[in-house]
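Novice: Submitted below is the structure of interest, expressed as structure tokens.
The values are calculated or read from the model by the stated rules, or taken from the named source; none is laboratory data. Computed from a prediction, not measured in an experiment: that's the story for all the values here. Here the Cβ positions follow ideal geometry from the backbone for every residue, glycine too, while neighbour counts run over all protein chains shown.
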Amino acid sequence: MKNIIELSLKELEEALTAEGQEPFRAKQIFSWIYKKGVLDFDRMSDLSVDLRDTLKENFTLSGFKIAKKLQSSDGTEKFLFELEDKNLIEAVSIPAASRVTGCISSQAGCKYACGFCASGKAGFKRNLTSAEIIEQVLHLKYDSAAKDLTHVVFMGTGEPLDNYDNVLRAVRLINSPDAFNIGARRITISTCGLIPGIERLSKEGLQVELSVSLHAADDKTRDTLVPVNKIYPIPALIAACKDYISLTDRQVTFEYILIDGVNSALQNARDLSIMLGNMHLCKVNLIPANPVEEFSIVPPQEAQVLAFRDYLIDQGITATLRKPRGVDIQGACGQLRLKNADK
Ligand code: SF4
């Protein structure tokens, strides 16, 4: 049976018509699921018993359970979900002054083994279905203390552009006024630099934000931090980003994790500013490394972080500094899953 939250409104209308039901009921069902967070057909009280029976015969609704929920002292909430096949995935709710960001996973595990990421450490299991992606958003919206989800970022476990079709289907539902109604500009797809996916995304006509995990301005360093760099090296990646900008007129954000002794010296800032200097519509998001037990990486001293940022700004590059969140609840991507994987 198909999970009903894989369907767009139009697809659900068609499915209901095929079952001899009135197509306008689809909007009511969408309202129960997406506007009220109800994941049980029997609780959809304004639907007839006959229609609820039809739904139960043809569709499933909820596909996984909350295995663990941790709350950080900074308000960040981390969910560990157990999928039907027992795989574990993570999602995080991150409240800030004027927004609540949901960070969601696109795959169970990850094949790209970035040198600072606990998700890559545990290896790849499988792609998530679009329903499994959407269900994370439902839980973040309705089961977290923050509730009002305003932004969604694909920065949890997995490489979203490696699960392109399911991620795009989920993005369209997150964006749909009939479902979550979160503006495309508030949805971020973050990639480790899969050029074919970036090229494909540039032709979708979507206003989503693209974020690229860069983390180094030279191939030698990036090869160790983001091993897929050996397939899609920096010059080709930067060229693809420039093409993306000119085709979409959208900004690209480059994520740059600052790791002491690896990529955080002023010379690294200099190299980065030269590389991005002639790229209009780009921004660098600096993230002091989140200490991960499984790796021996540490963030630089605060003065060095600020000097790195200020150097970029002095060179005319937009640079922001992101504070690590949820450190006390294994906030870094994949940490919680890794700790629970063998339990
Ligand atoms: S950073 Fe992203 S692409 Fe790299 S291993 Fe982690 S989840 Fe995979």
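Novice: Out of S62, S105, which single residue is modelled with pLDDT of 95 or more, within 30 Å of L161 (Cβ to Cβ), in a loop (DSSP other than H, G, I, E, B) and in contact with a helix residue (DSSP H, G or I) (Cβ under 8 Å, 6 or more places away or on another chain)? If you could, list the steps in order and put the result at the bottom.
Specialist: Details: S62 fails: modelled with pLDDT of 95 or more.
The conditions single out S105.
Novice: Can I ask one more? If I ask for residues that are outside any loop (DSSP other than H, G, I, E, B) and surrounded by fewer than 15 Cβ atoms within 10 Å (Cβ to Cβ), which ones from segment 284-312 would you list?
Specialist: Start the filter on segment 284-312 by keeping residues that are outside any loop (DSSP other than H, G, I, E, B), which leaves 284-288, 302-312.
Across segment 284-312, the qualifying residues are E302, A303, L306, D310.
Novice: Regarding segment 151-164, can at least one residue be identified that is near the ligand (Cβ under 9 Å from one of its atoms), of a type in the set (G, A, S) and either closer than 26 Å to I259 by Cα or assigned by TED's automatic domain parsing to the domain that holds T248 (or both)?
Specialist: yes
Novice: Output the residues belonging to segment 136-158 that are part of a loop (DSSP other than H, G, I, E, B) and among the polar types (S, T, N, Q). Even if it seems obvious, please write down each step before you answer.
Specialist: The initial filter retains those residues of segment 136-158 that are part of a loop (DSSP other than H, G, I, E, B), namely 143-150, 155-158.
Once the filter is applied, which keeps residues that are part of a loop (DSSP other than H, G, I, E, B) and among the polar types (S, T, N, Q), segment 136-158 yields S144, T150, T157.
Novice: Working only within segment 231-258, note down all residues that are more than 21 Å from the chain's Cα centre (by Cα) and either surrounded by 22 or more Cβ atoms within 10 Å (Cβ to Cβ) or over 21 Å from G115 (Cβ atoms) (or both).
Specialist: Passing the criteria: A239, K242, D243, S246, L247, D249.
Novice: Of the residues that sit in segment 112-135 and are among the aliphatic types (A, V, I, L, M) and either outside the structural domain of V212 (by TED's automatic domain parsing) or near the ligand (Cβ under 10 Å from one of its atoms) (or both), which one is surrounded by the most Cβ atoms within 10 Å (Cβ to Cβ)?
Specialist: Keep residues of segment 112-135 that are among the aliphatic types (A, V, I, L, M), which gives 113, 118, 122, 128, 131, 133-134.
Within this subset, residues satisfying the condition of being either outside the structural domain of V212 (by TED's automatic domain parsing) or near the ligand (Cβ under 10 Å from one of its atoms) (or both) are 113, 118, 122.
Values: A113: 16, A118: 25, A122: 20.
Top of the filtered list is A118.
Novice: Can you tell me which of (1) touching a Pro at 6+ places or on another chain (Cβ under 9 Å); (2) among the hydroxyl-bearing types (S, T, Y); (3) surrounded by fewer than 24 Cβ atoms within 10 Å (Cβ to Cβ); (4) closer than 24 Å to K323 by Cβ is the one S144 doesn't meet?
Specialist: Failed condition: (3).
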